[in-house]
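Here is the structure we will look at.
Derivation of every value follows stated rules applied to the coordinates shown; laboratory data play no part. This one's a predicted model, so the numbers in the text were calculated from it and none came from an experiment. Please note: Cβ atoms are built from the backbone with ideal geometry, for glycine as well, and neighbour counts cover all protein chains shown.
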């Protein structure tokens, strides 16, 4: 199953690299797709990606979609865990007494840490993915 998934992603990646776009456009599309995929927006990230592609015509729409495919829920499980850990490291154990119901306080605490950690991790992952995809696109288009 994993081998089959990897083969499909590799095939789609080669198709994206064959498009008549610049390496910058392909890398930017993948980086934006990475940022959207890492954010805690399950199921609506596809709609966000479509809006971004419609608004910014100079990015490669196939690269954005490929990033969403690459960063699928199975790959994102450790990223989501790391997102919470990052937020927990930053916010620590600040007691939350915003609500009278303990469960709401716990949900607020978890959500705050998770969303902050996701935003913090999304930026470097997007930058790293930009440079990796830029290098690969430039190398592939050169040949």
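Structure above, values below:
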quantity: Förster-model FRET efficiency, 41 Å R0, residue 57 and residue 91, C-beta, rounded to 0.05; calculated: 0.60
quantity: Residue 108-residue 69 pseudo-label distance in nm [points 7 Å out on the Cα-to-Cβ vector]; calculated: 4.3 nm
quantity: Fewest-first ranking of 30, 89, 134, using other Cβ atoms within 10 Å as the exposure measure; calculated: 89, 134, 30
quantity: Ranking of 111, 118 by count of other Cβ atoms within 10 Å, fewest first; calculated: 111, 118
